[in-house]
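Chemist: Have a look at this one.
The values are calculated or read from the model by the stated rules, or taken from the named source; none is laboratory data. Bear in mind the structure is a predicted one, so any value in this text is a computation, not a measurement. Here the Cβ positions follow ideal geometry from the backbone for every residue, glycine too, while neighbour counts run over all protein chains shown. All accessible areas refer to the heavy atoms of the entire protein, side chains included, with ligands and DNA or RNA removed. Shrake-Rupley method; radii C 1.70, N 1.55, O 1.52, S 1.80 Å.
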Amino acid sequence: MKTVRTHWRDAVESADVSIDGGGPEDALLEVVSIDHRGADIALIRFNRPASLNPMDKNTIGALGSLLSVLSSDKIDRAPDAIVLTGKGASFSAGGDLKGYQDLYRRPDQLRHFMQSFAEVCHLLEACPSLTVAMINGTCVAGGLEISLACDLMTASETARIGDAHLKFAQLPGAGASQRLTKAIGSARASKWLLTGRLFDAAEAEAAGLISLLAPLEALQEATLDLVAEIAQHSPLARRRMKELITIAETTDLAEGLAREADIFFEHCTQSYDVYEGLRAFADKRPARYHGR
């Protein structure tokens, strides 16, 4: 039986989200389809600004379902990039602390929630699309955990970012302690995790956490420009480069070097795009990549 394939936008329109202003006003997520300088971008906004976009079980469930759709092999092509941001003044202020009082008394439900949260972070890391956390305001705890799972983080100059779990005798459970330490080193991560403080965006950039810093009013345009610059490259080579970066983050040097060599050899001997890139260079013309 032939598999029916579709565009990611059509697949998203069938999900329980608001796309391009259509759909339920109270949808947990808003999805905007953007073509920016030739880059096909899915902009996802957390849509609970009144409560500072909490990462509770409902939002995590909706985000997991949406990311599964965007990563599915049943769509013709994944978006070049998935950009996450918050509606209103916050990216996400973290978990639902009031709700946790009940959830912590239900160990099975708590474990299921944290497994779902971890799966969302895995989907962001493994997604064939470039994933970007565009931090428009406060980004704390669960919001930070989502951001750390993305390929890149961009931020407004007025954003404030931190873990803050210890301020309420909590611990991260979706990767903040591990990903933050790998991202900025143990000395800086210890300061962030143990003080529970929120840091301004300039300090986050100096720590190496933020890839791009811009005034709030220019943040989206600057982020989309960066995405478009990356999207001009071969989709296959981008995916392979993401894989190599993940290997570097999760293995020791010896294993990483060995796996890089294997992936390099396979890519250079079996990819159409790698030869197209060389031919385009020799012919002094733009490359026409097929993503294979």
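Chemist: Can you work out which of the residues in segment 26-35 that are more than 20 Å from GLY61 (Cβ to Cβ) and among the β-branched types (Val, Ile, Thr) is surrounded by the most Cβ atoms within 10 Å (Cβ to Cβ)?
Modeler: ILE34
Chemist: So which residues in segment 113-125 are open to solvent by less than 10 Å² (accessible area, probe 1.4 Å) and either in a strand (DSSP E or B) or among the aliphatic types (A, V, I, L, M) (or both)?
Modeler: VAL120, LEU124
Chemist: State all residues of segment 220-256 that are free of Cβ contacts under 8 Å to residues at least 12 places away in the same chain, in contact with a strand residue (DSSP E or B) (Cβ under 9 Å, 6 or more places away or on another chain) and among the aliphatic types (A, V, I, L, M); if no residue qualifies, say none.
Modeler: If the condition is that a residue be free of Cβ contacts under 8 Å to residues at least 12 places away in the same chain, in contact with a strand residue (DSSP E or B) (Cβ under 9 Å, 6 or more places away or on another chain) and among the aliphatic types (A, V, I, L, M), then no residue fits.
Chemist: Scan segment 126-143 and tell me whether some residue there is under 21 Å from SER51 (Cα atoms), within 17 Å of the chain's Cα centre (by Cα) and part of a helix (DSSP H, G or I).
Modeler: Yes: one or more hits.
Chemist: Have a look at GLY38, GLY23 and point out the one that is small (Gly, Ala, Ser) and surrounded by fewer than 17 Cβ atoms within 10 Å (Cβ to Cβ).
Modeler: None of the others qualify; the one that does is GLY38.
Chemist: Something else about it: Which of the residues belonging to segment 246-284 are open to solvent by 90 Å² or more (accessible area, probe 1.4 Å) and under 26 Å from ILE184 (Cβ atoms)?
Modeler: Answer for segment 246-284, where residues must be open to solvent by 90 Å² or more (accessible area, probe 1.4 Å) and under 26 Å from ILE184 (Cβ atoms): GLU249, THR250, ASP252, LEU253, LEU257, ARG259, GLU260.
Chemist: Follow-up question, since we're still on this one. Going through segment 164-188 one residue at a time, which ones are over 17 Å from the mean Cα position of the chain (by Cα), assigned to a loop (DSSP other than H, G, I, E, B) and either crowded, with 20+ Cβ neighbours inside 10 Å or among the polar types (S, T, N, Q) (or both)?
Modeler: ALA164, GLN170, PRO172 - these are the residues of segment 164-188 that are over 17 Å from the mean Cα position of the chain (by Cα), assigned to a loop (DSSP other than H, G, I, E, B) and either crowded, with 20+ Cβ neighbours inside 10 Å or among the polar types (S, T, N, Q) (or both).
Chemist: Now for a different question. Sort out which residues of segment 41-59 are open to solvent by 20 Å² or more (accessible area, probe 1.4 Å) and either at pLDDT below 90 or in a helix (DSSP H, G or I) (or both), and write them in order of number.
Modeler: PRO49, ALA50, SER51, LYS57, ASN58
Chemist: Could you check segment 189-241 and list, in sequence order, the residues that are assigned to a strand (DSSP E or B) and open to solvent by 10 Å² or more (accessible area, probe 1.4 Å)?
Modeler: Matches in segment 189-241: LEU198, ASP200, LEU212, LEU213.
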